[in-house]
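Colleague: I'd like to ask you about the structure that follows.
The values are calculated or read from the model by the stated rules, or taken from the named source; none is laboratory data. Every value quoted in this text rests on a predicted model; they were computed, and no experiment measured them. As a convention, Cβ positions derive from the backbone with ideal geometry for all residues, glycine included, and neighbour counts pool all protein chains shown. Keep in mind that these areas ignore ligands, DNA and RNA; they rest on the heavy atoms of the full protein, side chains included. Shrake-Rupley method; radii C 1.70, N 1.55, O 1.52, S 1.80 Å.
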Amino acid sequence: PGRAKRLLLSRLFQPLSLPMGSEKGWEGRPGEPTCRSQRLMLQGGLIHPASPGCYCYLPPTVRAMEKLVRVIDEEMQAVGGQKLNLPSLSSAELWRASGRWDQMGPELFRLLDRHKHSYCLGPTHEEAVTELVASQSSLSYKQLPLRLYQVTRKFRDEPKPRFGLLRSREFYMKDMYTFDTSEEAAQQTYDQVCEAYCSLFSRLGLPFVKVRAATGNIGGTMSHEFQLPAGIGEDRLVLCPEGHFAANVETLNVEQTSCPMCGEKLTETKGIEVGHTFYLGTKYSSVSNAIFFSPENKPQLAQMGCYGLGVTRILAASIEVLSTEDSIRWPSLIAPYQLCFIPPKRGSKEEEEGVAGLERLYDDLAEALPHLAGDSVLDDRTQLTIGKRLKDANKLGYPYVVIAGKRVCEDPPVFEVWNQNAGEVLFLTKEGVIELLSKVQVP
């Protein structure tokens with residue numbers, strides 16, 4: 001009682017296929033990884049391919065995803081978001097009414113039930129949520145704005161799934177749908193949600209840009225994308241070097257080469273889209289008759305917006321932009337585990353003192369910083385050298401690695417601590433380790 005149950009690396013279900021050196025030759029074979037994040041996630045036992053564009057997410061990935069969702073929840077609830085859950089199966093009637101049953105073409109996964117009724121697996125939920133709000137027949141202006149969101153699996157029949165979780169057929173998304181009394185109020189909501197997205201990406205330490213974008217088959221009159229610049233990105237972006245203007249090339253009528261605000265020459269880069277915001281107006285509320293009653297008790301159509309974040313795509317994109325060629329680097333806030341302990345090699349002269357000292361440190365740390373108790377892994381593969389285990393820990397991207405090396409026999413014992421994201425190695429006593437780790441945030 002009172003002691004943290006130590007989490008042993010040998011017990012984790014994370015089937016590693018970490019290469020011994022930097023192995024080349026992945027690229028050409030069909031179905032083999034074609035980008036850094038996909039390769040690192042497969043090697044690190046984070047994902048396992050099930051069928052084209054569909055992956056098993058292994059326990060470390062689910063931990064990272066749950067942390068990311070907690071951070072998203074904080075940001076969405078700070079702007080008045082209320083979380084709900086809508087069915088993945090969506091009736092064809094709803095989609096026909098909005099015109100998207102035909103417009104979406106082969107991207108929709110369509111199916112028939114036993115009564116020959118048509119459904120699709122939702123790639124997005126504008127129709128379903130608008131129908132839900134429309135069913136509230138006595139909605140008052142006093143109940144608006146409504147900001148409803150969910151985090152669910154989405155489905156899109158990608159013609160060429162690739163890049164692992166960056167372009168898959170089944171994925172997780174956070175989608176928020178907002179209902180306001182006027183265009184002006186809807187614009188305020190739009191600005192607030194965009195601010196929340198900026199706050200989210202800043203907290204994750206991701207180098208994002210917000211760019212003007214096309215509205216595509218979601219529709220509406222205004223749209224922005226949140227992009228992580230990356231060589232393998234599928235979107236072409238133009239950016240003003242002074243930060244005055246940024247757009248997806250598809251929104252420009254002509255080949256625009258200078259900033260419309262300051263005249264500076266625009267630079268072009270590629271980006272991975274990780275978020276998208278749309279001002280929809282009454283495009284969907286007019287179809288479902290989603291109304292509210294004004295102060296004069298007159299029925300009026302709600303003004304809508306919708307806001308997406310690619311949850312699994314953010315995980316893969318952050319690995320893509322933060323990692324080195326052969327080592328994963330997570331945004332430290334959402335790393336699956338914050339901390340890896342490496343005891344001495346079996347049979348070494350430090351073994352006895354090192355194992356005891358490290359286990360004491362593990363327990364004292366769990367007591368002093370209980371939020372890190374479930375975030376610490378003990379690499380009990382003591383048949384391997386410390387160097388080999390350190391190399392694995394480095395590849396898997398634990399933000400901190402604590403080693404019981406030669407100096408663990410000193411009085412007091414001194415531990416070697418690798419702060420991976422800062423790229424520094426510290427030699428600290430038990431108290432020093434606890435003080436260093438007290439600054440670590442876990443959502």
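Colleague: Can you confirm whether L280 is of a type in the set (A, V, I, L, M, F, W, C), closer than 25 Å to S223 by Cβ, within 32 Å of the chain's Cα centre (by Cα) and in the same structural domain as M176 (by the TED database)?
Modeller: It is true that L280 is of a type in the set (A, V, I, L, M, F, W, C), closer than 25 Å to S223 by Cβ, within 32 Å of the chain's Cα centre (by Cα) and in the same structural domain as M176 (by the TED database).
Colleague: Go through V133, V129 for me and flag whichever is out of contact with any Asp or Glu (no Cβ under 8 Å at 6 or more places or on another chain), over 21 Å from F171 (Cα atoms) and in contact (Cβ under 8 Å) with a residue 12 or more places away in the chain.
Modeller: Result of the check over V133, V129: V133.
Colleague: Of the residues in the stretch 202-218, how many are out of contact with any Leu (no Cβ under 8 Å at 6 or more places or on another chain) and either surrounded by 22 or more Cβ atoms within 10 Å (Cβ to Cβ) or not assigned by the TED database to the domain that holds Q256 (or both)?
Modeller: Matching residues across the stretch 202-218 total 1.
Colleague: Out of the residues in the stretch 157-178 that are of a type outside the set (F, W, Y), within 18 Å of the chain's Cα centre (by Cα) and open to solvent by 20 Å² or more (accessible area, probe 1.4 Å), state the one that is modelled with the lowest pLDDT.
Modeller: Of all residues in the stretch 157-178, those of a type outside the set (F, W, Y) come to 157-162, 164-170, 173-176, 178.
Imposing the further condition that a residue be within 18 Å of the chain's Cα centre (by Cα) reduces the set to 162, 164-170, 173-176.
From what's left, open to solvent by 20 Å² or more (accessible area, probe 1.4 Å): 162, 167, 169-170, 173.
Values: R162: 91, R167: 94, R169: 97, E170: 97, M173: 98.
By that ranking, first place goes to R162.
Colleague: How many residues does the stretch 419-433 contain that are more than 21 Å from A356 (Cβ to Cβ) and open to solvent by less than 60 Å² (accessible area, probe 1.4 Å)?
Modeller: The number of residues fulfilling the criteria is 3.
Colleague: Output the residues belonging to the stretch 112-156 that are among the small types (G, A, S), outside any strand (DSSP E or B) and open to solvent by 30 Å² or more (accessible area, probe 1.4 Å).
Modeller: S135, S137, S138
Colleague: Assess whether L333 counts as being in contact with a helix residue (DSSP H, G or I) (Cβ under 8 Å, 6 or more places away or on another chain) and aliphatic (A, V, I, L, M).
Modeller: Spelling it out, L333 is indeed in contact with a helix residue (DSSP H, G or I) (Cβ under 8 Å, 6 or more places away or on another chain) and aliphatic (A, V, I, L, M).
Colleague: Determine if the stretch 283-302 includes at least one residue that is among the aliphatic types (A, V, I, L, M), open to solvent by 50 Å² or more (accessible area, probe 1.4 Å) and modelled with pLDDT under 95.
Modeller: no
Colleague: Let me ask something else. Take the stretch 163-202 and flag every residue that is within 30 Å of Q38 (Cβ to Cβ) and among the polar types (S, T, N, Q).
Modeller: Scanning the stretch 163-202 gives S168, S199, S202.
Colleague: I272 passes all but one of (1) assigned to a helix (DSSP H, G or I); (2) closer than 30 Å to R39 by Cβ; which number fails?
Modeller: All conditions pass for I272, except number (1).
Colleague: Can you find, within the stretch 317-364, the residue that is nearest to K270 (Cα to Cα) among those that are aliphatic (A, V, I, L, M) and open to solvent by 10 Å² or more (accessible area, probe 1.4 Å)?
Modeller: Within the stretch 317-364, the first condition is being aliphatic (A, V, I, L, M), and the residues that meet it are 317, 319, 321-322, 328, 333-335, 339, 342, 355-356, 358, 361.
Those still in the list that are open to solvent by 10 Å² or more (accessible area, probe 1.4 Å) too: 321-322, 333, 355-356.
Details: V321: 12, L322: 16, L333: 26, V355: 48, A356: 51 Å.
Result: V321.
Colleague: Looking at this structure, is E416 over 22 Å from M65 (Cα atoms) and open to solvent by 40 Å² or more (accessible area, probe 1.4 Å)?
Modeller: Answer is yes for this residue.
Colleague: Starting from the stretch 195-219, take each residue that is under 19 Å from E126 (Cβ atoms) and list its partners that are assigned to a loop (DSSP other than H, G, I, E, B) and among the aliphatic types (A, V, I, L, M), counting only C-beta distances under 9 angstrom and pairs at least six apart or across chains.
Modeller: N217/M104
Colleague: Another question about this same structure. In the stretch 219-228, what residues are surrounded by fewer than 17 Cβ atoms within 10 Å (Cβ to Cβ) and modelled with pLDDT of 95 or more?
Modeller: Result: no residue meets the conditions.
Colleague: Moving to a separate point now. Only one of (1) more than 24 Å from S91 (Cα to Cα); (2) assigned to a loop (DSSP other than H, G, I, E, B); (3) in contact (Cβ under 8 Å) with a residue 40 or more places away in the chain fails for K283. Which number is that?
Modeller: Of everything listed in (1) more than 24 Å from S91 (Cα to Cα); (2) assigned to a loop (DSSP other than H, G, I, E, B); (3) in contact (Cβ under 8 Å) with a residue 40 or more places away in the chain, K283 misses just condition (1).
Colleague: Within the stretch 184-201, is there a residue that is surrounded by fewer than 18 Cβ atoms within 10 Å (Cβ to Cβ) and at positive phi?
Modeller: No; the residues of the stretch 184-201 include none that is surrounded by fewer than 18 Cβ atoms within 10 Å (Cβ to Cβ) and at positive phi.
Colleague: Then there's this: So which residues in the stretch 229-266 are of a type in the set (G, A, S) and open to solvent by less than 30 Å² (accessible area, probe 1.4 Å)?
Modeller: Scanning the stretch 229-266 gives A230, G233, A246, A247.
Colleague: Just to confirm my filter: which strands (runs of 3 or more DSSP E) fall fully inside the stretch 338-430 and include at least 1 residues that are among the small types (G, A, S) and under 30 Å from I319 (Cα atoms)?
Modeller: By residue number, 376-378.
Colleague: I would also like to ask the following. Got at least one residue in the stretch 220-238 being touching a residue at least 24 places away in the same chain (Cβ under 8 Å) and assigned to a helix (DSSP H, G or I)?
Modeller: no
Colleague: Might you let me know whether the stretch 429-442 holds any residue that is basic (K, R) and under 30 Å from the mean Cα position of the chain (by Cα)?
Modeller: Looking through the stretch 429-442, at least one residue is basic (K, R) and under 30 Å from the mean Cα position of the chain (by Cα).
So that you can scan it fast, the table gives a plain yes or no per residue for (1) farther than 16 Å from R313 by Cβ; (2) at pLDDT 95 or above:
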{"position": "P52", "(1), (2)": "yes, no"}
{"position": "Y55", "(1), (2)": "no, yes"}
{"position": "T61", "(1), (2)": "no, yes"}
{"position": "A78", "(1), (2)": "yes, yes"}
{"position": "L86", "(1), (2)": "yes, yes"}
{"position": "W95", "(1), (2)": "yes, yes"}
